[in-house]
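Peer 1: Just passing along the structure, written as structure tokens.
The values are calculated or read from the model by the stated rules, or taken from the named source; none is laboratory data. Bear in mind the structure is a predicted one, so any value in this text is a computation, not a measurement. Don't worry about glycine lacking a Cβ; one is built from the backbone with ideal geometry, like all the others, and counts go over all protein chains shown. In case anyone asks, the SASA skips ligands and DNA or RNA and just uses the protein heavy atoms, side chains included. Shrake-Rupley method; radii C 1.70, N 1.55, O 1.52, S 1.80 Å.
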Amino acid sequence: MTDVGVSADLSKLRVRTVEIRDDEVVLIDQRVLPHEERYVHCRTWREVAEAIRDMTVRGAPAIGVAAAGGLALAAGEAAASADDPAAFRAALDEAAAGLTATRPTAVNLAWAVAEMRAVWERELAAGAERARPAAVAAALLARARAILADDVARCLAIGAHGASLLGPGDAVLTHCNAGALATAGYGTALGVIRSAYARYGDLLVWVDETRPWLQGARLTAWELEVEGIPYRLISDGMAGYFMSRGEVDAVVVGADRIAANGDTANKIGTYTVSVLAREHGVPFYVAAPLSTVDLSVASGAAIPIEERPEDEVTTFRGVPVAPAGARARHPAFDVTPAANITAIVTEAGVLRPPFGPALAAACGGAT
Ligand code: MRU
């Protein structure tokens with residue numbers, strides 16, 4: 001794995017989004033923030049899968065890290081019940097398939113599963129002592145922890161590169177939550193904002209509330225509040241108003257999957273913001289680790305878009321917000337075309353159009 005030149009001190013993280021312990025994966029429960037800081041303890045891979053599906057943990061890098069932790073749990077469990085490598089591999093294959101199926105859009109999930117699979121295939125192929133299930137399980141636990149620490153390091157590097165795109169006094173709009181809560185602990189888009197604020201000490205963040213799950217209002221605003229970074233919460237429909245008045249200097253968002261041509265899937269509503277930014281001449285930046293890039297997908301048209309339950313739109317926390325019987329649609333993500341993106345900020349640096357060759361070069365040198 002590429003050395004991004006930044007090391008992560010996990011003890012300094014204010015938010016532990018995912019913690020990978022010997023026999024459990026601990027997740028901050030993102031469904032109840034900001035009113036409650038509660039932790040969910042997952043002791044099996046199935047509990048981790050359920051936590052990803054029900055949004056206890058969310059955000060592309062964070063669900064990848066959680067899935068890696070889930071596979072470490074699966075390995076520990078399988079090693080305890082069988083010393084037969086074939087049964088052990090079958091148990092891991094089942095867990096990998098179950099975790100990958102939880103959410104289809106963010107490629108970081110499949111990426112983390114593939115990273116873990118590479119470890120168990122390598123160790124099982126090594127034979128002798130190394131191929132014993134208990135030894136492979138130990139190697140998988142170490143790899144999951146390394147994926148977590150590495151995510152923080154990559155986000156710190158993204159923050160450092162991205163801060164140079166902003167300046168003192170800028171007003172920056174972000175959509176959804178691409179912060180510490182969406183990663184292992186620092187954030188991509190919010191990592192850029194954090195780094196810029198640390199550098200300039202003068203910044204205003206426009207926070208889109210992000211219907212229907214309110215990741216902006218509940219999570220991004222919470223993170224900014226905790227750190228004392230100035231922000232104003234706006235409902236999603238207000239972004240154009242502030243852009244038309246010249247009150248937005250830049251947009252920074254995260255990503256769930258970046259196609260080979262730079263088309264980017266992110267939280268539903270991101271595409272709308274990109275069109276507004278283009279109309280008003282506001283630079284639109286995507287911040288993401290290279291684990292979000294999927295070179296096997298030529299363009300955004302081939303990115304699978306998750307459809308979530310209708311009642312997540314017609315209700316909020318069980319309270320109806322529409323007439324009884326109202327039907328709804330709920331695509332959880334949309335695709336921003338590469339043409340609307342000014343730059344993609346990665347741990348390898350700031351990539352500019354044309355994104356095809358830039359992404360290919362960055363991934364070639366970093367994976
Ligand atoms: O449905 P969610 O909350 O998992 O969606 C999250 C997003 O769309 C984020 O912007 C994206 O994962 C980037 S996180 C660094």
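Peer 1: Of the residues Val136, Val152, which single one is in a helix (DSSP H, G or I) and in contact with a Lys or Arg (Cβ under 9 Å, 6 or more places away or on another chain)? Walk me through how you get there before you give the answer.
Peer 2: On the way: Val152 fails: in contact with a Lys or Arg (Cβ under 9 Å, 6 or more places away or on another chain).
Only one candidate qualifies: Val136.
Peer 1: Inside the range 125-142, can you point out the residues that are surrounded by fewer than 19 Cβ atoms within 10 Å (Cβ to Cβ) and either touching a Pro at 6+ places or on another chain (Cβ under 8 Å) or touching a residue at least 24 places away in the same chain (Cβ under 8 Å) (or both)?
Peer 2: Ala131, Arg132, Ala134
Peer 1: Then there's this: Please go through the range 47-75 and pick out each residue that is more than 16 Å from the ligand (Cβ to nearest atom) and surrounded by fewer than 21 Cβ atoms within 10 Å (Cβ to Cβ).
Peer 2: Glu47
Peer 1: All but one of (1) in contact (Cβ under 8 Å) with a residue 40 or more places away in the chain; (2) open to solvent by less than 10 Å² (accessible area, probe 1.4 Å); (3) more than 23 Å from Leu214 (Cα to Cα) hold for Cys42; which doesn't?
Peer 2: Tallying (1) in contact (Cβ under 8 Å) with a residue 40 or more places away in the chain; (2) open to solvent by less than 10 Å² (accessible area, probe 1.4 Å); (3) more than 23 Å from Leu214 (Cα to Cα), Cys42 fails exactly one: (1).
Peer 1: When you scan the range 305-321, do you find a residue that is within 26 Å of Ile193 (Cα to Cα) and outside any loop (DSSP other than H, G, I, E, B), even just one?
Peer 2: The first filter runs over the range 305-321 and keeps only residues within 26 Å of Ile193 (Cα to Cα), leaving none.
No: the range 305-321 contains no residue that is within 26 Å of Ile193 (Cα to Cα) and outside any loop (DSSP other than H, G, I, E, B).
Peer 1: Could you please let me know if Pro230 is touching a residue at least 40 places away in the same chain (Cβ under 8 Å) and open to solvent by 10 Å² or more (accessible area, probe 1.4 Å)? Steps first, answer last, please.
Peer 2: Working: touching a residue at least 40 places away in the same chain (Cβ under 8 Å): no; open to solvent by 10 Å² or more (accessible area, probe 1.4 Å): yes.
So Pro230 does not fit the description; no.
Peer 1: Next up: Just checking, which of Thr272, Thr210 is within 30 Å of Arg31 (Cβ to Cβ), crowded, with 17+ Cβ neighbours inside 10 Å, in contact with an Asp or Glu (Cβ under 7 Å, 6 or more places away or on another chain) and assigned by TED's automatic domain parsing to the domain that holds Val172? Spell out the reasoning first.
Peer 2: Details: Thr272 fails: in contact with an Asp or Glu (Cβ under 7 Å, 6 or more places away or on another chain).
None of the other options fit; the residue is Thr210.
Peer 1: Further, regarding this structure: Condition first: touching an Asp or Glu at 6+ places or on another chain (Cβ under 7 Å) and open to solvent by 20 Å² or more (accessible area, probe 1.4 Å). Now tell me which residues in the range 215-227 satisfy that.
Peer 2: Taking the range 215-227 as the starting set, the residues that turn out to be touching an Asp or Glu at 6+ places or on another chain (Cβ under 7 Å) are 216-217.
The answer is Ala217, and nothing else.
Peer 1: Exactly one of these conditions fails for Met116: (1) open to solvent by 60 Å² or more (accessible area, probe 1.4 Å); (2) in a helix (DSSP H, G or I). Give me its number.
Peer 2: For Met116, the exception is condition (1).
Peer 1: Restricting the search to the range 90-113, which residues are β-branched (Val, Ile, Thr) and either open to solvent by 20 Å² or more (accessible area, probe 1.4 Å) or free of Cβ contacts under 8 Å to residues at least 24 places away in the same chain (or both)?
Peer 2: Restricting attention to the range 90-113, the residues satisfying the condition of being β-branched (Val, Ile, Thr) are 100, 102, 105, 107, 113.
Residue satisfying the conditions is Thr100 alone.
Peer 1: Now, a different point. Which of the following residues is open to solvent by 10 Å² or more (accessible area, probe 1.4 Å) and outside the structural domain of Thr56 (by TED's automatic domain parsing): Ala259, Ala322, Ala265, Ala287?
Peer 2: Details: Ala259 fails: open to solvent by 10 Å² or more (accessible area, probe 1.4 Å); Ala265 fails: open to solvent by 10 Å² or more (accessible area, probe 1.4 Å); Ala287 fails: open to solvent by 10 Å² or more (accessible area, probe 1.4 Å).
Of Ala259, Ala322, Ala265, Ala287, the one residue that is open to solvent by 10 Å² or more (accessible area, probe 1.4 Å) and outside the structural domain of Thr56 (by TED's automatic domain parsing) is Ala322.
Peer 1: Another question, if that's okay. What number of residues in the range 241-269 are touching a residue at least 12 places away in the same chain (Cβ under 8 Å), part of a helix (DSSP H, G or I) and either within 16 Å of the ligand (Cβ to nearest atom) or not small (Gly, Ala, Ser) (or both)?
Peer 2: So the count comes out to 2.
So that you can scan it fast, the table gives a plain yes or no per residue for (1) open to solvent by 10 Å² or more (accessible area, probe 1.4 Å); (2) among the hydrophobic types (A, V, I, L, M, F, W, C):
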position	(1), (2)
Arg145	yes, no
Asp151	yes, no
Ala160	yes, yes
Gly169	yes, no
Asn177	no, no
Leu181	no, yes
Ala184	no, yes
Tyr197	yes, no
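Peer 1: Restricting the first residue to the range 270-290 and requiring it to be touching a residue at least 24 places away in the same chain (Cβ under 8 Å), which pairs with a second residue that is open to solvent by less than 70 Å² (accessible area, probe 1.4 Å) and of a type in the set (Lys, Arg) meet a Cβ separation below 6 Å and a spacing of at least six or different chains?
Peer 2: Final answer for the pair search is Pro289/Arg154.
Peer 1: Let me ask something additional. Of the residues Val282, Val275, Val297, only one is part of a loop (DSSP other than H, G, I, E, B), away from the ligand (no atom under 13 Å from the Cβ) and within 20 Å of Thr210 (Cβ to Cβ); which? Don't jump to the end; show me each part of the working.
Peer 2: On the way: Val275 fails: part of a loop (DSSP other than H, G, I, E, B); Val297 fails: within 20 Å of Thr210 (Cβ to Cβ).
Of the residues listed, the single one that is part of a loop (DSSP other than H, G, I, E, B), away from the ligand (no atom under 13 Å from the Cβ) and within 20 Å of Thr210 (Cβ to Cβ) is Val282.
Peer 1: Restricting the range 76-89 to residues that are open to solvent by 50 Å² or more (accessible area, probe 1.4 Å) and closer than 14 Å to Asp22 by Cβ, which is modelled with the highest pLDDT? Don't jump to the end; show me each part of the working.
Peer 2: Residues of the range 76-89 open to solvent by 50 Å² or more (accessible area, probe 1.4 Å): 77, 80-81, 83-86, 89.
Going one step further and asking which of them are closer than 14 Å to Asp22 by Cβ, we end up with 77, 80.
Working: Glu77: 96, Ala80: 93.
My answer is Glu77.
Peer 1: So, one more: Identify, please: which residue in the range 119-177 is farther than 19 Å from Val25 by Cα and of a type in the set (Asp, Glu) and is, among those, nearest to the ligand (Cβ to nearest atom)? Even if it seems obvious, please write down each step before you answer.
Peer 2: If we filter the range 119-177 for residues that are farther than 19 Å from Val25 by Cα, which is where we start, we get 119-133, 135, 153-177.
If we keep only those that are of a type in the set (Asp, Glu) as well, we get 121, 123, 129, 170.
On the way: Glu121: 28, Glu123: 30, Glu129: 39, Asp170: 20 Å.
Only one residue fits best here, namely Asp170.
Peer 1: I've got another one for you. Keeping to the range 174-225, report how many residues are assigned to a strand (DSSP E or B) and not aromatic (Phe, Trp, Tyr).
Peer 2: Within the range 174-225, the subset assigned to a strand (DSSP E or B) is 174, 179, 187, 203-208.
Okay, now just the ones that are also not aromatic (Phe, Trp, Tyr), so 174, 179, 187, 203-205, 207-208.
Matching residues across the range 174-225 total 8.
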